Amino acid sequence: MWKKWFGKTEQYVIADNQLDKDKLPRHTAIIMDGNGRWAKAKGMPRVFGHRAGVESLRKIVRTASNLELEVLTVYAFSTENWKRPAEEVNLLMDLFSTYLTADIDELDENNVQIRFIGQIQDLSTTLCRKFQDAQARTAKNTGLVFNAAINYGGRAEMLCAMKAIALDVQSGNLPVEMITENSIQQHLYTADLPDVDLLIRPSGDFRISNFLLWQSAYAELWFTDVNWPDFTPEYFLQALHDFQQRDRRFGGLKIK
């Protein structure tokens, strides 16, 4: 059995022939989609879907930590989400703050390192400070690296990287001929992390929506019609199991 999370009795039992702990993805990414559709189907305002989505996130982070996954990155708020009604945006920001307040002690106690990627500097001063405090508090933890992508866009991330590289070239610190894929990688938010192995998207849409574009170049994609609030650890385990059945050749041929 996997170890318990936070001392609770809830456990997830995986048979050896269902999930190989030695073949788990190093970096798993999730687009947490479908909160609004979930609420609408139940005749409730979107706020209920977002709150239910937080509960799903808790369960998935716990499962990822229990499985000793290396990195989990979730898409919480995109650069395009500012187009939503101000009331909904403000609610989402409040939920981010509430989640940290409620869970930071347990995350820290369970050796989870939390990071925030995206244009965090454009958020409120109070929320930025809370994010910075959470990162500093858990920086030395050696378990799951939990990335929350907030005010994040893949194109915006690459644009920032290109500008930083251009400044290095302009200052004479980086000759143009020395620009490599590694140079770009080192200027991304995820510079010290492995590329995405598995990208999961609930809610029935078949796109990656400007999420980790560079890092997901060779990611295995896994889709489900289940909306995020109904995305249970069992679905997560199924995605991990399906990942282990994929034949990953990275552009080459399988050697028999």
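For T98, only one of the following conditions fails: (1) hydroxyl-bearing (S, T, Y); (2) buried (at least 18 other Cβ atoms within 10 Å of the Cβ); (3) within 26 Å of T142 (Cα to Cα). What is its number?
T98 satisfies all of (1) hydroxyl-bearing (S, T, Y); (2) buried (at least 18 other Cβ atoms within 10 Å of the Cβ); (3) within 26 Å of T142 (Cα to Cα) except (2).
Which one is surrounded by the most Cβ atoms within 10 Å (Cβ to Cβ), of the residues in the range 208-252 that are out of contact with any strand residue (DSSP E or B) (no Cβ under 9 Å at 6 or more places or on another chain) and among the acidic types (D, E)?
Taking the range 208-252 as the starting set, the residues that turn out to be out of contact with any strand residue (DSSP E or B) (no Cβ under 9 Å at 6 or more places or on another chain) are 213-214, 217-218, 225-227, 229-230, 232-234, 237, 241, 244-245, 247, 249-252.
Applying the additional criterion that residues be among the acidic types (D, E) yields 225, 230, 234, 247.
Numbers: D225: 10, D230: 17, E234: 11, D247: 6.
Looking at residues that are out of contact with any strand residue (DSSP E or B) (no Cβ under 9 Å at 6 or more places or on another chain) and among the acidic types (D, E), I get D230.
So if I check each of T180, T190, which one is out of contact with any Gly (no Cβ under 9 Å at 6 or more places or on another chain), β-branched (V, I, T), within 30 Å of C128 (Cβ to Cβ) and modelled with pLDDT of 95 or more?
T190
Within the bounds of the range 64-75, is there any residue that is among the charged types (D, E, K, R), modelled with pLDDT of 95 or more and surrounded by 20 or more Cβ atoms within 10 Å (Cβ to Cβ)?
Checking the range 64-75: not a single residue is among the charged types (D, E, K, R), modelled with pLDDT of 95 or more and surrounded by 20 or more Cβ atoms within 10 Å (Cβ to Cβ).
Residues of the range 38-50 being more than 18 Å from the chain's Cα centre (by Cα) and either under 17 Å from Y75 (Cα atoms) or hydroxyl-bearing (S, T, Y) (or both), which ones?
G49
For the range 111-148, how many residues are buried (at least 19 other Cβ atoms within 10 Å of the Cβ) and of a type in the set (S, T, N, Q)?
The number of residues fulfilling the criteria is 3.
So for the range 24-35 (the condition being farther than 25 Å from I104 by Cα, out of contact with any Pro (no Cβ under 7 Å at 6 or more places or on another chain) and surrounded by fewer than 21 Cβ atoms within 10 Å (Cβ to Cβ)), does at least one residue qualify?
yes
The values are calculated or read from the model by the stated rules, or taken from the named source; none is laboratory data. Because the structure is predicted, anything quoted here is derived from the model rather than measured. Here the Cβ is made from the backbone with ideal geometry for all residues, glycine too, and neighbour counts use every protein chain on show.
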